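The structure appears right after this line, and notes come after that.
The values are calculated or read from the model by the stated rules, or taken from the named source; none is laboratory data. These figures come from a predicted structure and were not determined experimentally. Quick reminder, even Gly has a Cβ in these numbers, built from the backbone with ideal geometry, and neighbours come from all protein chains shown. For the accessible areas, the whole protein counts, side chains as well, though only heavy atoms, and no ligand, DNA or RNA atoms are used. Shrake-Rupley method; radii C 1.70, N 1.55, O 1.52, S 1.80 Å.
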Amino acid sequence: MIKNLVLATVAAATSLVAMPAAAQQAEDPAFTAKLRASLTAHPEIIQEVLQAAQAKQQADQTTALNEKAGPLRAQMFAKGWGPVIGNPNGTVPVVEFIDYACPICKTAHNAIDSIIKKRPEVRVIIAMRLIFGEESEKLARFALAADLQGKFPATHHALYETFGNHHETKPTDEALKAIAAKVGLNYDQVVKDMRGPKVNATFENQTKVANEIGVSGTPFFITRDAVYPGAAPEEIMSQAFR
């Protein structure tokens, strides 16, 4: 009853905004007093209504993002659009937009690593989405160049292990050389390929798709029928990967 009264008030307030000033003066003092008394006695109702409104707004935004992703899925799921972790021939494609400096991406990576070990049918396609600036671009290009040497999964893991902390650890040449040595990369070739045509093409294409969809944060997941901004516990993510 009280919640219905609040909702009715919200609807009434919305209509009042659209009414001429003279008409807005026709306020019902009895209604206002009853509403004030109800909200004073049950202030939690306000929070419930606000939370419901926020949840609806988020759901509407996610639906809009999913609609934008729809015509781009075939391109994103195609072989060669981005480097892969998990089974390259997996029948369950998932695109993940990432930034290697993103701590939430690092947390999600641990869950995804567990999922792909348990589910060989999952193929996770990695797409670069820069959130934390130029240093993130350096890490993204390093990873894409490593893919040209067939060392992407190991490099992917090493970059998160070292840099997934809002750039508190800087991607210096020395730090990247250490990762190259650790995973068996030809560092000089990586440096050359970071600004080469293949890495440029992949990076630019992934950025274009992210812009078209409206990816504004990382991690951001795209499955065959849904999009999922942000991370979640492993069991929830695994259920979403279908």
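Kindly state, to the nearest 0.05, the FRET efficiency for A181 paired with V92, given R0 = 35 Å and r defined as their beta-carbon distance.
0.55
Given a cut-off of under 8 Å on Cα pairs at least six residues apart, what relative contact order in percent is computed for segment 69-158?
Reported as a whole number, the value is 35 percent.
With the alpha-carbon atoms as the only input, what is the per residue convex hull volume for segment 71-213 in Å³?
101 Å³
With a cut-off of 8 Å between alpha carbons and a minimum separation of six or more residues, what is the relative contact order of segment 138-242 in percent?
Relative contact order for segment 138-242 comes out at 22 percent.
Could you sort 96-104, 83-91 so that the peptide with the highest average Cβ count within 10 Å comes first and the rest follow in order?
My ranking of the peptides, most packed first, is 96-104, 83-91.
Check cross-link reach from K118 to the lysines: straight Cα distance under 24 Å, and skip same-chain residues fewer than eight apart.
K79, K106, K151
From largest accessible area down, sort K34, K106; use a 1.4 Å probe on the protein chains.
The most accessible residue leads, giving K34, K106.
Would you list, by chain and number, the lysines whose Cα falls below 18 Å from the Cα of K68, excluding same-chain residues fewer than 8 positions away?
K208
Which length gain, in nm to one decimal place, applies between D188 and Q47 when the Cα-Cα distance is subtracted from 0.36 nm times their residue separation?
Going from the current span to full extension adds 45.0 nm.
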